[in-house]
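One structure is given here, and the rest of the page talks about it.
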Amino acid sequence: MTETTDMGALEERILGGLDEEQRLVATTLRGPLCVLAGAGTGKTRAITHRIAYGVHTGVYKPSSLLAVTFTARAAAEMRSRLRELGAGAVQTRTFHAAALRQLQYFWPQSIGGQLPSIVDYKAPLITEAARRLRTTADRATVRDLASEIEWAKVSMLTPESYVAAAADRGQPGGLDPVTVSRVFQSYEDVKTDRQLIDFEDVLLLTVAILEDDARVAASVRDQYRHFVVDEYQDVSPLQQRLLDLWLGGRDELCVVGDASQTIYSFTGATPRHLLDFTATYGHAPVVKLVRDYRSTPQVVHLANRVLAARRPEPGVPDRDINWPTPLELIAQRENGPEPTFFEAKDDEAEAAEIAQRIKKLIAGGTPAAEIAILYRTNGQSAAYEQALASAGVGYLLRGGERFFARREVRDAMLQLRSAARHTTTEADGETVPQLTRDILVSLGYSATAPAASGAVREKWESLSALVALADEMAAARAGSETPFTLHTFVAELEERAASQHAPTLQGVTLASLHAAKGLEWDAVFLVGLSEGLMPISFADDQAGYDEERRLLYVGITRARMHLGLSWSLARTPGGRANRRPSRFLDGLRPAGTSRVASAPRAARRKAPAGPPMCRVCGTLLTSAAERKVGRCGNCPAGYDEAVFESLRAWRLQVAQTNSLPAFVIFTDATLMAIAESNPDGLSALGQVSGVGKGKLDRYGEAVLAILAGGSAD
């Protein structure tokens with residue numbers, strides 16, 4: 001009877017608050033399991049309760065289970081939840097952290113000697129690699145090369161195999177694949193000369209040791225018997241290879257992910273492993289989490305519509321995997337306000353309006369820390385920083401100075417650590433939050449915010465964040481069998497510092513859409529939603545457009561209650577109103593927010609007489625490529641394919657001779673337009689969209705020679 005009662009109490013404590021699908025996840029403890037979890041559906045709750053239930057029922061030994069996720073912040077959050085559930089001994093790490101730990105342990109016995117140092121930044125080494133090849137590389141080019149090398153390595157490509165694999169990836173930094181390959185090899189040589197490794201090498205070397213040393217592989221597999229992988233849609237080929245080696249042919253694997261939130265393909269991430277999981281493990285059950293507990297029905301409805309509206313882009317290459325059927329979320333919260341759509345005349349006006357709307361939200365009781373402005377590129381933040389400052393609204397840039405690197409935070413941790421060695425809550429009767437306040441007063445903390453701004457205000461906000469964290473942890477541990485002591489609080493801070501898991505700061509968050517993944521706010525403003533930014537201008541195939549759509553979906557699902565979507569018609573005040581709203585908003589935004597309807601009167605006078613239509617079938621042209629050639633992608637081309645290919649071959653030759661990206665000479669769309677119009681002279685060629693005076697002077701005679709069937713030499 002006692003054992004039955006204890007089991008009932010255990011199930012109630014760990015499983016009691018889960019919904020039907022979450023409970024199914026938490027009680028499926030053996031064999032492979034695939035969890036398809038939509039945004040806001042409680043996936044972290046489901047898998048942490050699954051781990052805790054497995055530990056408390058004896059199915060899992062805490063030391064034999066490895067939970068892997070993709071960011072240090074997510075790993076720290078998972079560890080915190082597991083501690084609260086009494087399963088704090090379970091290993092929860094990122095792929096890199098888990099691999100590095102194994103590499104440090106096994107390197108001396110498998111390779112011998114000391115593990116090489118890990119470089120924090122590739123830029124200096126890539127600069128040196130390019131210099132060795134006498135290749136000029138500015139800062140932007142070095143940054144592009146670093147990203148490309150990272151992609152190549154997580155895709156398990158060598159400098160030799162890179163060239164063929166990168167044929168359709170464009171030209172990073174304007175460099176062709178052969179040149180990138182040479183820089184890649186030179187970069188590897190520089191690392192070898194200096195006895196350094198990078199973060200990708202951590203995974204590669206761990207894979208190599210596990211493949212080559214049977215004793216090491218057996219030791220790791222004996223240690224870890226069960227695996228949980230969160231955000232499985234973001235796994236790269238290299239990470240999947242490491243996971244396969246950890247498993248060693250076993251199937252004790254639970255994966256959790258959502259293909260509709262794949263937004264990091266530029267880093268080598270692919271949802272293919274998630275989508276193919278049931279093909280790999282034919283007996284694996286699939287559980288779908290679709291109950292959205294985060295957002296209001298209005299926000300959820302818009303998110304569902306964004307994904308459902310996806311259609312193949314006409315006239316663009318389709319190299320993507322088949323578009324997976326998205327999970328249709330079901331809102332569980334009460335109704336909230338409808339999402340708002342706002343069209344501004346320029347970027348400055350858009351930022352000013354958003355700042356005023358945020359002021360109203362704060363005045364209405366929404367904390368500043370629960371508001372975010374999300375944009376596609378970091379370069380968009382300046383206008384919003386200025387607008388918020390002018391409106392007297394505090395803000396913080398996600399990706400700025402790390403919280404735990406701030407001097408006042410380091411000093412606070414020293415004081416708290418010292419106090420923890422000499423103080424216990426049992427001895428003095430004070431709670432940890434009150435002790436924290438008393439200790440931090442000497443560093444400048446006060447119950448009310450200072451009137452001053454700048455450094456004084458920032459220091460107070462940092463200390464206030466530590467106090468708020470103490471309050472939060474005390475509330476979470478209320479009623480727990482394990483007392484919450486100052487020593488426990490300091491240990492939490494040290495762990496957060498190691499994983500850069502900063503507490504919440506007061507202030508409106510400014511962040512890119514990519515940086516917002518995994519976060520949520522009461523109010524979210526998605527800004528700059530115009531063509532060229534959403535989707536971004538360099539999205540040039542179906543895969544690129546689909547990923548941009550998913551990025552917008554991720555942005556929408558960050559909002560709990562308030563959601564604003566906005567765009568502007570011009571970049572600068574008085575500039576040409578030549579922007580149009582994102583194609584992803586077509587059919588979603590209310591009537592009256594179209595460009596012509598709300599543009600200034602002068603802009604309306606300059607607007608074209610009608611929308612661009614296909615000259616073949618008469619349908620509306622939606623993409624820049626279609627408008628350039630004057631027909632939709634479904635209609636037959638009106639040019640000789642041989643002529644078009646001759647133009648492309650000439651362009652490639654010119655690009656290689658002059659070390660230029662091919663698109664700088666002419667884009668494919670411009671070459672297509674030239675082939676279709678078949679101009680008979682320089683004057684007619686100059687009328688083709690994309691052929692300016694400079695290009696006409698440089699390339700005009702050569703193009704006309706090709707059109708006439710001759711040689712461009």
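The values are calculated or read from the model by the stated rules, or taken from the named source; none is laboratory data. Because the structure is a prediction, the values reported are computed rather than measured. Note that each Cβ is placed from the backbone with ideal geometry, even for glycine, and that neighbours are counted across all protein chains shown. Protein only, heavy atoms only, side chains kept; ligands, DNA and RNA dropped before computing areas. Shrake-Rupley method; radii C 1.70, N 1.55, O 1.52, S 1.80 Å.
Quick notes
- Among residues of the range 558-569 that are within 13 Å of VAL527 (Cβ to Cβ) and among the small types (Gly, Ala, Ser), those with a beta-carbon under 6 Å from a residue that is open to solvent by 10 Å² or more (accessible area, probe 1.4 Å) and part of a strand (DSSP E or B) at least six positions away or on a different chain give the pairs GLY564/THR340; GLY564/PHE525; SER566/PHE342.
- The range 47-78 - residue that is free of Cβ contacts under 8 Å to residues at least 40 places away in the same chain and open to solvent by less than 10 Å² (accessible area, probe 1.4 Å) and, of those, nearest to LEU243 (Cα to Cα): THR48
- Among the residues of the range 214-244, just one is among the aliphatic types (A, V, I, L, M), more than 21 Å from GLY31 (Cα to Cα) and under 30 Å from the mean Cα position of the chain (by Cα), namely LEU238.
- Tabulated pairs, the range 502-525, first at pLDDT 90 or above, second of a type in the set (S, T, N, Q) and in a loop (DSSP other than H, G, I, E, B), C-beta under 7 angstrom, 6+ apart or interchain: SER512/THR377; ASP522/THR366; ALA523/THR366
Yes/no per residue for (1) assigned to a loop (DSSP other than H, G, I, E, B); (2) within 25 Å of ALA539 (Cα to Cα); (3) open to solvent by 10 Å² or more (accessible area, probe 1.4 Å):
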position: ALA137; (1), (2), (3): yes, yes, yes
position: THR141; (1), (2), (3): no, yes, yes
position: ALA146; (1), (2), (3): no, yes, yes
position: LEU157; (1), (2), (3): yes, yes, yes
position: ARG169; (1), (2), (3): yes, yes, yes
position: VAL180; (1), (2), (3): no, yes, no
position: GLN185; (1), (2), (3): no, no, yes
position: ASP193; (1), (2), (3): no, no, yes
position: VAL202; (1), (2), (3): no, no, no
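- Every test in (1) farther than 28 Å from THR136 by Cα; (2) touching a helix residue (DSSP H, G or I) at 6+ places or on another chain (Cβ under 7 Å); (3) not in a helix (DSSP H, G or I); (4) not β-branched (Val, Ile, Thr) is passed by PHE644 save one, and that test is (3).
- Condition broken by LEU696, with the remaining ones in (1) modelled with pLDDT of 85 or more; (2) over 43 Å from the mean Cα position of the chain (by Cα); (3) open to solvent by 30 Å² or more (accessible area, probe 1.4 Å) satisfied: (2)
- Of the residues making up the range 80-133, those that are touching a residue at least 24 places away in the same chain (Cβ under 8 Å), over 18 Å from VAL202 (Cα atoms), open to solvent by 50 Å² or more (accessible area, probe 1.4 Å) and of a type in the set (D, E, K, R) are ARG81, GLU84, ARG132.
- Considering residues of the range 204-227 that are of a type in the set (Ser, Thr, Tyr) and in a helix (DSSP H, G or I) only, the residue farthest from GLU150 (Cα to Cα): SER219
- Applying the condition of being part of a helix (DSSP H, G or I) and either of a type in the set (A, V, I, L, M, F, W, C) or surrounded by fewer than 19 Cβ atoms within 10 Å (Cβ to Cβ) (or both) to the range 267-278 and asking which residue is modelled with the lowest pLDDT yields THR267.
Residue-wise test of (1) surrounded by 15 or more Cβ atoms within 10 Å (Cβ to Cβ); (2) closer than 27 Å to GLY532 by Cα; (3) of a type in the set (Val, Ile, Thr); (4) at pLDDT 65 or above.
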| position | (1), (2), (3), (4) |
| --- | --- |
| ARG627 | yes, yes, no, no |
| GLY630 | yes, yes, no, no |
| ASP640 | no, no, no, yes |
| LEU647 | yes, yes, no, yes |
| ARG651 | yes, yes, no, yes |
| LEU671 | yes, yes, no, yes |
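- Complete set of residues in the range 461-492 that are hydroxyl-bearing (Ser, Thr, Tyr), within 19 Å of ARG417 (Cβ to Cβ) and open to solvent by 10 Å² or more (accessible area, probe 1.4 Å): THR485, THR488
- So ASP251, is it within 25 Å of SER64 (Cα to Cα) and assigned to a loop (DSSP other than H, G, I, E, B): yes
- Wholly enclosed strands (runs of 3 or more DSSP E) of the range 493-595 bearing at least 3 residues closer than 25 Å to GLY42 by Cα and open to solvent by 10 Å² or more (accessible area, probe 1.4 Å): 521-526, 559-568
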